[in-house]
Amino acid sequence: MTAAAGAVPFEPSQIELERREYRRARKRRSILVSVVSTLVFAAVIALVLVSSPGWDRVRETFFDPQMAIQSFPRVITGLWLNVQVLVVAALGVAILGTLLAVARTLKGAVFTPIRLLASGYTDVFRGIPVLLVLYLVGFGIPGLGLTGRVPAQFWGTIALILCYSAYVAEVLRAGIDAVHPSQRLAARSLGLSHGRTLRLVVLPQAVRKVTPALMNDFVSMQKDVGLISVLGAVDAVRAAQIEVASSYNFTPYVLAGVLFVLLAWPFIRLTDWMTARAQRREQMGGTV
């Protein structure tokens, strides 16, 4: 008989079993307390709202089910335009933001003009509100008469790319700076060029380190996509505004807000999950 065949299977001790049972009981108690406290809080808020003197008027003006059903087709069609703009803008931001981040991390005196240009770009577009950039791009560039008639969503997409590229560039630059210099030295010692070192070694690690922050910027841009309505693009916000103008009822605005939340919720949860995973890996000493 071999030693493996005669080995006694592991059995936890009585103390370990009691500890596990205690942890399970504490977890069940915590869940129960969380559910009860949440229900009580929601009930108090609902009671305060319903008992307010103007609740009936607010309910008819902002929470009219019939008006929501009537305006849903137009608002959801406008939301599809928001999604299209978001996808194109996200791709543009990823490309321009990466180029800016790389430009800001270039070494050597010969690259000083490029670094200054990238630094000035990020300073300017992080300082100007997105709404002002939308006005300047959406009304200023067409006013030059350099192009024919271009849809408003095109200029809205350009404005979003210009603004959010500055934020993403700073996040990526922080990720690049967080990569240990030994990674570059090891790659160079293996014969990789500066470009291949950046592309194959530095950037993958940098993106992994700042992925939660990048996802947060994406969620923020997803919300700001609704601002293209100021240029006349018939997105979800503009469609809701048209419905409000014809009915004098603000329920379409609430409907548009709910649709934006539903669109953003999966990415918000994904961001939280990735942040928690990165923290666990860092605490365990693994790769972030």
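Here, each number is a calculation from the coordinates, and none is a lab measurement. Predicted model, so just to flag it, every value in this text is computed and none were measured. Cβ sites come from the backbone with ideal geometry, for glycine too, and all protein chains shown count toward neighbours.
On full extension of the chain, what length is gained from Q84 through L47, given 0.36 nm per residue of separation minus the C-alpha to C-alpha distance?
9.3 nm
Applying the Karplus parametrisation 6.51 cos²θ - 1.76 cosθ + 1.60 with θ = phi - 60° to the phi angles of the stretch 182-190, what ³J(HN,Hα) value in whole Hz is obtained for each residue in order, glycine and proline being reported as x?
Once rounded to whole Hz, the list reads 4, 5, 5, 4, 5, 5, 5, 5, 8.
Count the net charge of all other residues whose Cβ sits under 14 Å from the Cβ of R24, scoring Lys and Arg as +1 and Asp and Glu as -1.
+4
What is the Cα centroid distance between the stretch 42-88 and the stretch 127-146, reported in whole angstrom?
31 Å
Show me, for the stretch 267-280, the HN-Hα J-couplings you get by feeding each phi into the Karplus relation (A = 6.51, B = -1.76, C = 1.60, θ = phi - 60°), rounded to Hz, glycine and proline as x.
In residue order, the calculated couplings are 6, 5, 5, 5, 4, 4, 5, 5, 5, 5, 5, 5, 5, 5 Hz.
For F111, what is the net charge nearby, where nearby means another residue's Cβ is under 15 Å from its Cβ and Lys, Arg count +1, Asp, Glu -1?
Residues near F111 contribute +4 overall.
Report the normalised scattering of the chain as log10 I(q)/I(0) at q = 0.13 Å⁻¹, calculated by the Debye formula with identical scatterers on the alpha carbons.
The calculated log intensity ratios at q = 0.13 Å⁻¹ are -1.06.
Could you calculate the contour length gain from L262 to L39, that is, 0.36 nm times the residue separation minus the distance between their Cα atoms, to one decimal place in nm?
That works out to 78.1 nm of additional length.
Sort the stretch 1-138 into rounded, prolate or oblate with this rule: let a ≥ b ≥ c be the square roots of the eigenvalues of the Cα gyration tensor; rounded if a/c is under 1.5, and if a/c is not under 1.5, prolate when a/b is larger than b/c, oblate otherwise.
oblate
Label points 7 Å out from Cα along the Cβ direction at S30 and F111: separation in nm?
4.6 nm
Of Q283, A103, S71, which is farthest along the charge dipole of the chain in the positive direction, counting Lys and Arg as +1 and Asp and Glu as -1 at C-beta?
Comparing the listed Cα positions along the dipole, Q283 ranks first.
Grab the DSSP H runs of the chain that are 4 residues or longer, score each as -39,500 (n - 2.57), total them, divide by all residues and round the 222 nm result to the nearest 500 deg cm²/dmol.
After summing the helix terms and dividing by residue count, I get -25000 deg cm²/dmol.
Just to be sure I understand: with springs between alpha-carbon atoms less than 10 Å apart, which residue in V258, V44, V75 has the highest mean-square fluctuation in the Gaussian network model of the chain?
Evaluated over the chain, the most mobile residue of the options is V44.
Classify the stretch 169-209 as rounded, prolate or oblate, taking a ≥ b ≥ c as the square roots of the eigenvalues of its Cα gyration tensor: rounded when a/c is under 1.5, otherwise prolate if a/b is larger than b/c and oblate if not.
Verdict is prolate for the stretch 169-209.
How charged is the neighbourhood of D235? Take every other residue with its Cβ under 14 Å from the Cβ of D235, and add Lys/Arg as +1 and Asp/Glu as -1.
In short, +1.
Can you run phi through the Karplus equation (6.51, -1.76, 1.60; θ = phi - 60°) for the stretch 54-65 and list ³J(HN,Hα) in whole Hz, with x for Gly and Pro?
Coupling constants for the stretch 54-65: x, 4, 4, 5, 5, 4, 5, 8, 10, 10, 8, x Hz.
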